[in-house]
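Below is one structure, written out as structure tokens, with a few remarks after it.
The values are calculated or read from the model by the stated rules, or taken from the named source; none is laboratory data. These numbers were taken from a predicted model, which means no experiment stands behind them. Don't worry about glycine lacking a Cβ; one is built from the backbone with ideal geometry, like all the others, and counts go over all protein chains shown. Please note that ligands, DNA and RNA were not included when accessible areas were found on the heavy atoms of the full protein model with its side chains. Shrake-Rupley method; radii C 1.70, N 1.55, O 1.52, S 1.80 Å.
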Amino acid sequence: MLTFRASKEIRAYLKSRSRSIGLVPTMGALHSGHLSLVKKACKENDYVVISIYVNPTQFNHKTDLESYPSNPEGDMILLDSFSDQIIFYTPDHKDLYPGKIKSKSYNFGSITTHMEGQFRPDHFNGVATVIEALFKNINPKNAYFGEKDFQQLQMIKNLNAQKKLNVTIIGCPTVREKDGLAMSSRNSLLNKEQRKAAPIIYATLQTLNEKHLKCDVSQMSIFFKKQVEQHSLKVEYFFVASINDLIPVSKLEFNKKYRFFVAVFAGKTRLIDTIELNRK
Ligand code: AMP
């Protein structure tokens with residue numbers, strides 16, 4: 001498998017081949033959720049660049065960054081057997097941050113004001129800085145992102161339009177474990193008890209989808225917290241937000257589309273999930 005660490009080299013390699021390039025940006029510790037993006041990218045492009053970069057500026061706490069799972073050898077083995085279209089890109093800090101490792105400042109309006117934007121100040125500036133640099137370095141035709149991070153996906157669509165980066169942004173459905181837990185690199189940090197408890201997050205969102213017409217958003221929030229916190233988990237937030245502007249609502253309007261957005265702590269490990277609110 002072709003592997004590059006420097007943007008200069010990968011640019012030169014890709015430039016000499018006028019074929020379609022798909023990009024899948026990740027922070028590594030790859031799992032089947034990541035692989036679903038890679039699979040789709042392989043079907044739709046001649047080459048697929050998978051970047052692995054744990055971006056310091058999108059973390060709010062040093063301890064969170066330091067404990068973030070990493071498995072570079074495992075990632076290589078997984079991708080090596082996957083497809084010969086794959087190009088592995090593990091940039092250095094200086095490749096994505098020409099000067100100081102500091103995020104740029106963006107304005108995404110309401111898209112990044114709430115949920116993750118509210119609870120992780122500067123997180124999206126960090127993500128956007130690296131995605132903009134990756135798009136400029138790789139110049140992909142298509143880039144693939146998971147709906148698991150729905151707010152991030154919407155922010156990237158906005159970034160792409162604002163900066164005229166000319167990439168087609170493709171959202172991919174959330175891949176779950178058999179018991180419903182959304183796959184995440186952070187799941188490997190859960191102890192046995194936390195791992196056993198964590199599926200209650202998705203299960204409760206599904207229950208809310210079955211009964212939401214009977215209650216308002218604040219009742220949904222109380223229900224979610226009660227169910228989830230019975231299992232020694234701690235809810236950081238529960239929101240219902242319109243999918244267009246990502247502004248949380250307290251009442252549902254008839255012909256608008258909404259999603260649930262939740263963040264839950266299992267000990268020190270923070271898990272997020274989101275599903276569309278079913279109006280039927
Ligand atoms: P990460 O390595 O966590 O930054 O994720 C890299 C990409 O994979 C992002 O676009 C995520 O939204 C996506 N992703 C992570 N987990 C999943 C999942 N369970 N299902 C689908 N996509 C995912």
(request) Find the residue count for the range 38-71, including only residues that are in contact with a Phe, Trp or Tyr (Cβ under 7 Å, 6 or more places away or on another chain) and under 28 Å from Ser105 (Cα atoms). (result) 5
(message) Cβ contacts < 9 Å: first residue farther than 18 Å from Gln206 by Cβ and modelled with pLDDT of 95 or more, restricted to the range 252-272; second residue of a type in the set (Ser, Thr, Tyr) and open to solvent by less than 10 Å² (accessible area, probe 1.4 Å), any location; separation 6+ or different chain. Result?
(response) none
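Just for strands (runs of 3 or more DSSP E) wholly inside the range 1-112: which have at least 2 residues that are more than 16 Å from the ligand (Cβ to nearest atom)?
Numbers: elements: 2-4, 21-26, 47-52, 86-89.
Output list reads 2-4.
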(message) I'm trying to understand the selection: among the residues of the range 218-229, which are in contact (Cβ under 8 Å) with a residue 24 or more places away in the chain and closer than 11 Å to Ala198 by Cα?
(response) Val228
(message) Looking only at the range 232-244, filter to residues that are open to solvent by 50 Å² or more (accessible area, probe 1.4 Å) and modelled with pLDDT of 95 or more; which one of those is nearest to Ser188 (Cα to Cα)?
(response) Lys234
(message) What pairs come out if I take residues in the range 22-43 that are in contact (Cβ under 8 Å) with a residue 24 or more places away in the chain and farther than 12 Å from Ile86 by Cα and pair them with residues that are more than 9 Å from the ligand (Cβ to nearest atom) and acidic (Asp, Glu) whose C-beta lies under 8 Å away, six or more apart or interchain?
(response) Gly28/Asp75; Ala29/Asp75; Leu30/Asp75
(request) Those residues that are in a helix (DSSP H, G or I) and closer than 20 Å to Arg270 by Cβ, I need them from the range 129-153; list them, please. (result) Val130, Glu147, Lys148, Asp149, Phe150, Gln151, Gln152, Leu153
(request) Mind listing just one residue for me: the one in the range 138-177 that is within 8 Å of the ligand (Cβ to nearest atom) and open to solvent by 30 Å² or more (accessible area, probe 1.4 Å) and, of those, nearest to Ala6 (Cα to Cα)? (result) Gln152
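From Asp80, Asp75, Asp92, Asp64, which residue is within 30 Å of Ser242 (Cα to Cα) and touching a residue at least 24 places away in the same chain (Cβ under 8 Å)?
Numbers: Asp80 fails: within 30 Å of Ser242 (Cα to Cα); Asp75 fails: within 30 Å of Ser242 (Cα to Cα); Asp92 fails: within 30 Å of Ser242 (Cα to Cα).
The conditions single out Asp64.
If you scan the range 184-199, which residues turn out to be open to solvent by 30 Å² or more (accessible area, probe 1.4 Å) and either within 13 Å of the ligand (Cβ to nearest atom) or out of contact with any Gly (no Cβ under 8 Å at 6 or more places or on another chain) (or both)?
Within the range 184-199, the subset open to solvent by 30 Å² or more (accessible area, probe 1.4 Å) is 186, 188-189, 191-196.
Listed by number, the residues that qualify are Arg186, Ser188, Leu189, Lys192, Glu193, Arg195, Lys196.
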